[in-house]
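Structure record follows, encoded as structure tokens.
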Amino acid sequence: MPGPDGDRRLLVLYGSQTGYAKDTAQRIARQGWRRHFVVQVQAMDQADRAAVFAATCPVIFVCSTTGQGDEPDNMRRFWRFLLRKSIPHDALGNVAFAVFGLGDSSYQKFNFAAKRLFRRLTQLGAQPIVDRGDGDDQHYLGVDGALDPWLAGLWAELLSRFPLPRPIIPDSVAPDPSFDVEFAAGSLNDSNAQDAPDPDGHPALLVAADRLTAAEHFQDVRCFRFELEAPGPAPLWGPGDCAVLRPANQAQDVSAFLAAMGWADNADAPLRVAARNPVGLPERIPGVTTLGWLFTYYFDITAVPRRSFFEMLYYFSANDDEKERLREFSATEGQDELHTYCMRPRRTIMEVLDDLPHSRVPVGYIFDVFPEIAERSFSISSAAEVTPSLVELTVAIVGYKTLMHKPRVGLCTRWLANMPLGQRVHLRFARGTMQLPNDPATPVIMVGPGTGIAAFMSFIRQRRSDGARSNYLFFGCRGRETDFLHQRHLEEWVDDGSLSLFCAFSRDQDHKIYVQQRIREHGDLVWSLIGEQGAAVYVSGNANRMPDDVRQAFTDVVREHSGGSDESAAAYILAMTKAGRYQEECWQ
Amino acid sequence: MAPKYTVEPGQTVLLAARASAGAQNLDALQRLRDSLAAQVGSAGKVDFEQIDRIEDGAAALASAYYDSVITNPAEPWAVEHSSQVLASLLLALKPSGTLVLNELVLDNAGSIQDAPITRTQAELAQQLRFAGFVDIQIECCEQVEEATLRVLGEGCWGRSDAAALAAQARGHVLVAAAAAKKPAYNVGAAAALPFGKKAKAQAKAQGARRAWTINVESDDEAEIEDEDALLEAEDLARPDAASLARPGDAKPRKKPCKNCTCGLADGGEVDEDVACKPASKPRKPKRPVDVVNVKSACGNCSLGDAFRCSSCPYLGMPAFKPGEKVTLGGSMLHDDFMP
């Protein structure tokens, strides 16, 4: 509903992989608020596409580029949509826009996602308000080196189109909270449900949680089995698809947190939450809830806070030393130090608040300060057509050391690891990016070191069920006796002839052996499969260097057996990729 | 044929049919084509295409091009539209474009043996839905006369027993007249504020630009542009070292990688000419045995990492009171789960 500033609207859309671009988008929104704009911030994939195309207010895009030069996950669908050939080239003719990219020029594909976005938007007739900004981690000021001047230019241009009705609200004034949050009278009946209701989720019970790696091995990889309570007649997922889970915080962390915040006595008091702007309440937040519920199921208190957290906490600090530190951590010149203090050691929100005991967030601002618990996706290892109610996940429990004395753990994997058998969860299903070939006669080559094998377990199970027996798996891990995941099943399938298995155990001998070596060693077979039998190749696992090394191995095999050059072999693999015969699904 | 097909001036129209001497429909189709051309006028366009050429892809219809597609309009309505043809027609239509389709249907399933007409009205509607059309309306008011059925049998289906077939089918075959649309997205009641009236000068002239609507619901395999072709030469460039350095530095100070393991991140001295090699394990700071007598250079050791200096031996540990034994399990830290 337009108020006195009815015409002053901005839409900020972000594509963010690690949260950096999202945080930047929210900072831009707050700057817009200070200039009396009504700003809406959304991930690109969540935006109402027709509203974007019909936008009568400026649209600001903020997007990062992943290490491999790709778009972040939460703008993939929007980007694919924007690329459609059927969109007329004047479709965005009335849309004013700006693009800022967060990137790192030590990568060859520096800010490619933002650059492509900018080109496509102009191709569709959109009108740039300012030049594209290319944030660069390698700048001495980091991304801010480009962001600060870009924002100055952006506001100058926007304020010339939308002159200020009143003076800019200075940085010393805390921004308005996004929601009205107040304690209500009375008490709630049955306020703390065991689990958050999820209309999209399929209820399932945890029936098994077996460790796949040897007890003395440093990495704990588990096989979690969930039994769907109402699987229904049709398969709920296909091979290569993912189960999506939303974890909760551990009960003792929640109690400790509420106590440290001074909220322990009010943990179960009813809390009324109402939206202050037309966007409304996020779906997951009930209108009446409690702090206990919110900090168990909604807010991520073990997250590593971002710059905005420190900016906001500043307004609520009752101690001069802490205030000054918070101000330093919020400033452009302090970002290196903030990174050293917080991001590199993966310090959690709880730990930061422990360091700053006089800086406490009021209840009214919790939605502006604490991040939301994000869903996590896991490739499903079971095949729905074989075991329709069994969802099996192969999960490495996250734990590692930084300079923090207390080891770091993953929120979701810890939640799974601590989950008692019989507990109910709500699963969603999401399509994976890898698709099996339609024809069961097509040979399939899978390269899945470590937990990359998870999706391939469902591939192989589906293929066996379809009578497709031309299955080749290159698996790598550290040792045959330590982390040979799913060894028993794989060896059974080798024995019955439905799988050819090539293993690389990197630490079982003096020199390291990885999957890419095995691919080269079996070059004759690999060439016969891809060059003569039209095989499809799938690569899955931890990103870093593995996908490139594997691709290079296939390229070398092609080069040697086709008698061509490096260039022609690389072109061959590229053609396979474009035809969908070489697919990768790797994660950071 | 009475011109019951109306189109607007300026529209692009596709007329599709199985025109043949055997079907005895050439005159009727020509008259219809003339009528449509007259209605759209010089600003519009009427294209004719044989259904068979659409079926096998020879027609190469332009995507999202036609305001209206009229198919199989004339006796004897010889076309049974395959899913391939319907998909091609959908693609050729502009979003929100209209389809006017005729097809012979049976009054109920299986009432004629051995004839190319196999669908009922309900099945035709379903086929249109599967093809992606919306707002489907079908009426069947006309029963096909025996004479028409015989023309179909002889001239189109090549049946030697056309007369007998026509006699058997008489009364069971209806002409389904279907109207449908290509999906569009309805922007709906969201109040679209007028773009800052002061900024009107910057907006492109509206002119004859049609309000464009799009199918935003379906995310499946639509044809997309090649994203790699979007980048221009200047997009491939990367900034040079001098532009990234602090003014006064010759080149930028080497920054540690986000997941540095070579020691640069921990403040160690690293030879800049040596590439970052992964160390076996990150250096762990030494743990003081005794925290009762805290020897602090800066006086901040007890305050927590936010205030400690970078060489503080207590880095990584929570805040504590000087003289107090430091234990894990302070205010918020619990050893509930050791990886």
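The values are calculated or read from the model by the stated rules, or taken from the named source; none is laboratory data. Since we're looking at a predicted model, the values are computed, not measured. Reconstructed Cβ throughout: ideal geometry from the backbone, glycine too, with neighbour counts over all protein chains shown. In case anyone asks, the SASA skips ligands and DNA or RNA and just uses the protein heavy atoms, side chains included. Shrake-Rupley method; radii C 1.70, N 1.55, O 1.52, S 1.80 Å.
Listed values, structure above:
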item: Residue in segment A:22-41 that is within 12 Å of chain B (Cβ to nearest Cβ), out of contact with any Leu (no Cβ under 8 Å at 6 or more places or on another chain) and on the phi < 0 side of the Ramachandran plot present; result: no
item: The lone exception for A:Phe183 - which of (1) surrounded by 15 or more Cβ atoms within 10 Å (Cβ to Cβ); (2) away from chain B (no Cβ under 14 Å) it fails; result: (1)
item: Count - residues of segment A:320-357 that are farther than 20 Å from B:Met317 by Cβ, touching a residue at least 40 places away in the same chain (Cβ under 8 Å) and either more than 10 Å from every other protein chain (Cβ to nearest Cβ) or small (Gly, Ala, Ser) (or both); result: 3
item: Members of segment A:239-257 found to be out of contact with any Gly (no Cβ under 8 Å at 6 or more places or on another chain) and within 14 Å of chain B (Cβ to nearest Cβ), listed by number; result: A:Pro247, A:Asn249, A:Gln250, A:Ala251, A:Gln252, A:Asp253, A:Ser255, A:Ala256, A:Phe257
item: Residue selected from segment A:417-471 under the condition farther than 16 Å from A:Ser500 by Cβ, open to solvent by less than 20 Å² (accessible area, probe 1.4 Å) and touching a Leu at 6+ places or on another chain (Cβ under 8 Å), by the criterion nearest to the other protein chains (Cβ to nearest Cβ); result: A:Met419
item: Failed condition for A:Leu403, given (1) of a type outside the set (Val, Ile, Thr); (2) part of a helix (DSSP H, G or I); (3) within 13 Å of chain B (Cβ to nearest Cβ); result: (2)
item: Checklist (1) under 23 Å from A:Ala21 (Cα atoms); (2) crowded, with 20+ Cβ neighbours inside 10 Å applied to A:Ile380, failing item; result: (1)
item: Some residue of segment B:81-103 being closer than 21 Å to B:Asn25 by Cβ, out of contact with any His (no Cβ under 9 Å at 6 or more places or on another chain) and surrounded by fewer than 18 Cβ atoms within 10 Å (Cβ to Cβ); result: yes
item: Criterion (in contact with a helix residue (DSSP H, G or I) (Cβ under 7 Å, 6 or more places away or on another chain), more than 30 Å from B:Pro247 (Cβ to Cβ), open to solvent by 50 Å² or more (accessible area, probe 1.4 Å) and not β-branched (Val, Ile, Thr)) met by exactly one of A:Asp320, A:Asp268; result: A:Asp268
item: Within segment B:136-171, tally of residues that are of a type outside the set (A, V, I, L, M, F, W, C), in a loop (DSSP other than H, G, I, E, B) and surrounded by 18 or more Cβ atoms within 10 Å (Cβ to Cβ); result: 1
item: Matching residues in segment A:13-48 - criterion: being more than 17 Å from A:Cys63 (Cα to Cα), among the charged types (D, E, K, R) and open to solvent by 20 Å² or more (accessible area, probe 1.4 Å); result: A:Arg30, A:Arg35, A:Asp48
item: Subset of segment A:49-88 (residues that are of a type in the set (Gly, Ala, Ser), more than 15 Å from the chain's Cα centre (by Cα) and either open to solvent by 30 Å² or more (accessible area, probe 1.4 Å) or on the phi < 0 side of the Ramachandran plot (or both)); result: A:Ala50, A:Ala51, A:Ala54, A:Ala55, A:Ser86
item: A:Gly564 vs. criteria of a type outside the set (A, V, I, L, M, F, W, C), outside any loop (DSSP other than H, G, I, E, B) and touching a helix residue (DSSP H, G or I) at 6+ places or on another chain (Cβ under 9 Å); result: no
item: Sole residue being closer than 28 Å to A:Arg414 by Cα, surrounded by fewer than 15 Cβ atoms within 10 Å (Cβ to Cβ) and within 20 Å of the chain's Cα centre (by Cα), chosen from A:Pro305, A:Pro282, A:Pro371; result: A:Pro282
item: Residue under evaluation A:Cys63, criteria (1) within 10 Å of another protein chain (Cβ to nearest Cβ); (2) in contact with a helix residue (DSSP H, G or I) (Cβ under 7 Å, 6 or more places away or on another chain); (3) not aromatic (Phe, Trp, Tyr), criterion not met; result: (1)
